């Protein structure tokens with residue numbers, strides 16, 4: 001079945017304390033977003049890439065593509081204008097897919113450049129059989145949540161908690177139907193949008209290294225991880 005990956009990258013760089021949006025920061029001398037795109041091509045060269053960016057970032061991305069010609073050479077992609085929220089950016093990417101195409105669609109954070117290509121493929125294979133697949137990892141930390149009745153934080157067994165990652169993979173038909181809904185604040189990720197229509201969400205093993213780069217220390221970790229991987 002045809003595979004498409006929508007890479008949503010709408011960051012502004014505020015939490016990174018950078019004037020440059022985090023998806024464009026350099027990691028090993030290349031934009032973070034390029035590293036992310038490349039992982040999908042390493043998983044399967046036939047995966048079609050759709051990159052969703054704010055309109056006001058198109059020119060900057062075009063300049064990066066000129067400075068780093070390997071971006072277009074190694075990761076050819078379509079550029080789609082994003083929306084005001086993650087929901088609307090995913091929606092724009094989904095609408096860019098031809099309605100007659102029968103395919104699986106992975107929606108992935110553009111700033112998760114360390115996703116394992118083998119886990120991408122496993123998730124696609126699982127979704128083809130079971131309808132969807134969402135990467136997740138068990139919590140390694142103790143968890144507490146606020147309880148309004150007791151007016152205190154109460155413990156949650158950590159074995160009951162999974163930390164949700166991306167990619168999140170669905171059939172294009174399910175996505176198109178789900179994203180016809182009106183946006184709700186409870187739509188915290190793409191899986192929550194599909195689940196709201198009654199779909200069972202399937203979790204598959206992710207990786208603790210599949211981090212979302214949101215702060216300076218995340219970028220340091222990614223640099224060190226890639227450097228160590230090259231030595232092994």
(request) Count, please, the residues in segment 108-123 that happen to be touching a helix residue (DSSP H, G or I) at 6+ places or on another chain (Cβ under 8 Å) and either over 11 Å from residue 210 (Cβ atoms) or part of a loop (DSSP other than H, G, I, E, B) (or both). (result) 10
(request) State whether one or more residues within segment 53-60 are without any contact (Cβ under 8 Å) to a residue 60 or more places away in the chain and in contact with a helix residue (DSSP H, G or I) (Cβ under 7 Å, 6 or more places away or on another chain). (result) yes
(request) State whether one or more residues within segment 153-166 are under 23 Å from residue 1 (Cβ atoms) and within 15 Å of the chain's Cα centre (by Cα). (result) yes
(request) Kindly indicate whether residue 99 is modelled with pLDDT of 95 or more and either outside any strand (DSSP E or B) or more than 30 Å from residue 225 (Cα to Cα) (or both). (result) no
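Being part of a helix (DSSP H, G or I) and either at positive phi or surrounded by fewer than 18 Cβ atoms within 10 Å (Cβ to Cβ) (or both) is the filter here, so list the residues in segment 46-63 that pass it.
55, 56, 58, 59, 60, 62, 63
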(message) Consider segment 72-109. How many of its residues are surrounded by 14 or more Cβ atoms within 10 Å (Cβ to Cβ) and more than 29 Å from residue 128 (Cβ to Cβ)?
(response) 1
(message) Quick check on this structure: which one of 219, 175, 184 is modelled with pLDDT of 95 or more, over 27 Å from residue 125 (Cβ atoms) and surrounded by 18 or more Cβ atoms within 10 Å (Cβ to Cβ)?
(response) 219
(request) Within segment 207-216, work out how many residues are exposed (fewer than 15 other Cβ atoms within 10 Å of the Cβ) and at pLDDT below 95. (result) 2
(message) Could you list, ordered by first residue, the pairs with Cβ atoms under 6 Å in which the first is in segment 121-134 and at pLDDT 95 or above and the second is in a helix (DSSP H, G or I) and surrounded by 16 or more Cβ atoms within 10 Å (Cβ to Cβ), at least 6 apart or interchain?
(response) 121/43; 133/123; 133/126; 133/127; 134/191
(request) Inspect all residues belonging to segment 143-161 and state whether any of them is touching a residue at least 40 places away in the same chain (Cβ under 8 Å) and either surrounded by 10 or more Cβ atoms within 10 Å (Cβ to Cβ) or outside any loop (DSSP other than H, G, I, E, B) (or both). (result) no
(request) Mind counting the residues in segment 191-203 that are surrounded by 14 or more Cβ atoms within 10 Å (Cβ to Cβ), touching a residue at least 12 places away in the same chain (Cβ under 8 Å) and either more than 18 Å from residue 160 (Cβ to Cβ) or out of contact with any helix residue (DSSP H, G or I) (no Cβ under 7 Å at 6 or more places or on another chain) (or both)? (result) 5
(request) Mind listing just one residue for me: the one in segment 174-190 that is assigned to a helix (DSSP H, G or I) and touching a residue at least 24 places away in the same chain (Cβ under 8 Å) and, of those, farthest from residue 3 (Cα to Cα)? (result) 190
(request) Looking at (1) touching a helix residue (DSSP H, G or I) at 6+ places or on another chain (Cβ under 9 Å); (2) crowded, with 18+ Cβ neighbours inside 10 Å; (3) within 16 Å of residue 175 (Cβ to Cβ), find the lone condition where residue 131 falls short. (result) (2)
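The values are calculated or read from the model by the stated rules, or taken from the named source; none is laboratory data. Remember, it's a predicted structure, so these values are computed and weren't measured experimentally. Don't worry about glycine lacking a Cβ; one is built from the backbone with ideal geometry, like all the others, and counts go over all protein chains shown.
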